[in-house]
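In what follows, a single structure is set out as structure tokens and then discussed.
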Amino acid sequence: MNYAGFLIRQKRLEKGWSQEGLCRGVCAVSYLSKIEQGKADGSDEIVGELMRRLGCGWFNDENDRARAAEAVECGYEAMMSLDTDALCKAVEKAKSDPLFLNGPYALDFLLQMAAAESDPKPLDDRLSPCFDARQAAVQAYLAGDYSTAYKLYPCALFLYAQGANAYERGGAMEAVTLLERAYSEASAEGRVFLMMECCLLIGNCYSNSKNIPAMLKHYGVGKRLAKALRHENALSVIDYNIASTRLECGEALEAYNYFSKLDSPDALCLHKLAIACEKMGKYAEAAAAIERAESVRDSCKIDSDTVGLMLDVVKYRITHADYIHDENYGTLLTECFERCSAKLHAGYAAFHLPWMLEWLKENRRYKQAAELLESFPR
């Protein structure tokens with residue numbers, strides 16, 4: 001079935017028309033039936049007339065096809081390169097031109113529009129019989145079935161998506177394997193932006209496992225790519241992650257030197273600054289950082305209430321000398337840890353894991369500590 005046949009049938013049924021009523025004077029009922037079932041494509045003239053009767057403009061001459069085909073490939077190029085800005089621009093152009101959504105490439109544009117959404121969703125399953133291999137792969141990608149997408153249409157993007165999914169689930173080493181393959185394929189495809197994103201995620205994986213040399217190696221490549229692409233946000237993310245990892249690894253001074261010099265730190269940066277100050281015994285400066293963080297936490301990209309809990313945990317430590325034996329601290333820390341585990345990437349919970357283990361062990365809850373360590377993603 002092609003999309004034109006699907007659309008003709010859908011519009012006809014919406015109007016409550018019979019096949020005979022629609023096609024009288026245009027074509028035989030049997031021919032219309034074949035068009036609707038996908039057994040015949042239908043000539044440009046007949047499809048155009050049927051669409052006109054249904055109140056749908058349908059653009060299908062040679063010039064229209066060429067222009068739409070070029071726009072479709074621009075959209076796919078942006079999507080497959082993981083260039084969100086370029087994809088959004090392509091989608092906005094498609095929305096503004098009736099040719100694109102009322103012609104033989106309409107299904108491609110609908111898939112690209114879905115991919116550009118902040119929370120992508122697959123198209124209606126009833127369209128599945130209309131898909132070619134690439135369209136079916138994108139539909140699987142939108143549905144989160146990345147391995148099927150790659151089988152249908154092997155490309156770096158779908159490998160990257162598998163790696164990113166493994167990373168989100170906390171499977172760092174599985175993610176690294178997939179992302180290294182994705183990087184290699186992105187290089188072969190000439191997709192520099194996707195290569196950068198692969199490096200960033202691989203760096204994140206090594207950051208979470210506190211493997212600083214491997215982290216710096218991959219972030220270093222990512223930085224060079226980000227500079228070449230003039231991607232300032234990627235550069236900021238890399239620097240933040242490096243400083244956060246150094247903080248986790250006990251290098252408080254290095255983290256402090258980064259976070260204390262930021263011009264407009266967000267709540268997460270100020271949270272890390274407070275912890276660096278805490279570890280260095282700068283409690284007044286830590287308290288000031290928490291106060292600043294609380295004033296800007298609503299503008300943070302992650303859940304504001306979770307950020308609030310993260311700040312409260314640090315505040316409790318610097319204001320209660322014997323926090324380690326305080327049941328209230330344990331309750332607050334556990335709530336924060338569980339909220340991070342439920343709402344955020346595993347890395348946020350991993351960041352708080354040492355404090356959880358510290359509190360459990362100091363309070364002789366060794367079994368809980370062992371169970372927590374055993375169950376935590378590696």
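The values are calculated or read from the model by the stated rules, or taken from the named source; none is laboratory data. Please read all numbers here as calculations on a predicted model, not as lab measurements. All Cβ positions, glycine included, derive from the backbone under ideal geometry; neighbour counts span all protein chains shown. Please note that ligands, DNA and RNA were not included when accessible areas were found on the heavy atoms of the full protein model with its side chains. Shrake-Rupley method; radii C 1.70, N 1.55, O 1.52, S 1.80 Å.
Key figures
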item: Residue match in the stretch 298-309 (condition: more than 33 Å from the chain's Cα centre (by Cα), assigned to a helix (DSSP H, G or I) and crowded, with 18+ Cβ neighbours inside 10 Å); result: no
item: Hits in the stretch 14-40 (condition: in contact (Cβ under 8 Å) with a residue 12 or more places away in the chain and of a type in the set (Val, Ile, Thr)); result: Val26, Ile35
item: Residues located in the stretch 248-273, provided they are surrounded by 15 or more Cβ atoms within 10 Å (Cβ to Cβ), part of a loop (DSSP other than H, G, I, E, B) and charged (D, E, K, R); result: Glu251, Asp266
item: Selected residue (criterion: farthest from the chain's Cα centre (by Cα)) from residues of the stretch 68-81 that are crowded, with 16+ Cβ neighbours inside 10 Å and without any contact (Cβ under 8 Å) to a residue 60 or more places away in the chain; result: Ala68
item: Lone unmet requirement of (1) assigned to a helix (DSSP H, G or I); (2) at pLDDT below 95; (3) surrounded by fewer than 19 Cβ atoms within 10 Å (Cβ to Cβ) for Ser118; result: (1)
item: Any helices (runs of 4 or more DSSP H) falling wholly within the stretch 323-378 and containing at least 3 residues that are over 19 Å from Val313 (Cα atoms) and within 31 Å of the chain's Cα centre (by Cα); result: 366-375
item: Some residue of the stretch 211-220 being among the hydroxyl-bearing types (Ser, Thr, Tyr) and in contact (Cβ under 8 Å) with a residue 60 or more places away in the chain; result: no
item: Residue in the stretch 41-58 that is in a helix (DSSP H, G or I), free of Cβ contacts under 8 Å to residues at least 40 places away in the same chain and polar (S, T, N, Q) present; result: no
item: Filtered residues of the stretch 298-315 (kept if out of contact with any helix residue (DSSP H, G or I) (no Cβ under 7 Å at 6 or more places or on another chain) and modelled with pLDDT under 90); result: Ser299, Lys301, Ile302
item: Residue in the stretch 93-102 that is crowded, with 17+ Cβ neighbours inside 10 Å, assigned to a helix (DSSP H, G or I) and within 16 Å of the chain's Cα centre (by Cα) present; result: no
item: Qualifying positions in the stretch 334-358 - touching an Asp or Glu at 6+ places or on another chain (Cβ under 9 Å) and either among the hydrophobic types (A, V, I, L, M, F, W, C) or open to solvent by less than 40 Å² (accessible area, probe 1.4 Å) (or both); result: Cys336, Leu344, His345, Ala346, Ala349, Ala350, Phe351
item: Flag for Glu36 being at pLDDT 90 or above and part of a helix (DSSP H, G or I); result: no
item: Residues of the stretch 35-61 that turn out to be of a type in the set (Gly, Ala, Ser), surrounded by 15 or more Cβ atoms within 10 Å (Cβ to Cβ) and out of contact with any helix residue (DSSP H, G or I) (no Cβ under 9 Å at 6 or more places or on another chain), as a count; result: 1
item: Odd one out for Thr84 among (1) touching a residue at least 24 places away in the same chain (Cβ under 8 Å); (2) surrounded by fewer than 19 Cβ atoms within 10 Å (Cβ to Cβ); (3) more than 26 Å from Tyr160 (Cα to Cα); result: (3)
item: Residue in the stretch 27-34 that is surrounded by 13 or more Cβ atoms within 10 Å (Cβ to Cβ), in contact with a helix residue (DSSP H, G or I) (Cβ under 7 Å, 6 or more places away or on another chain) and at positive phi present; result: no
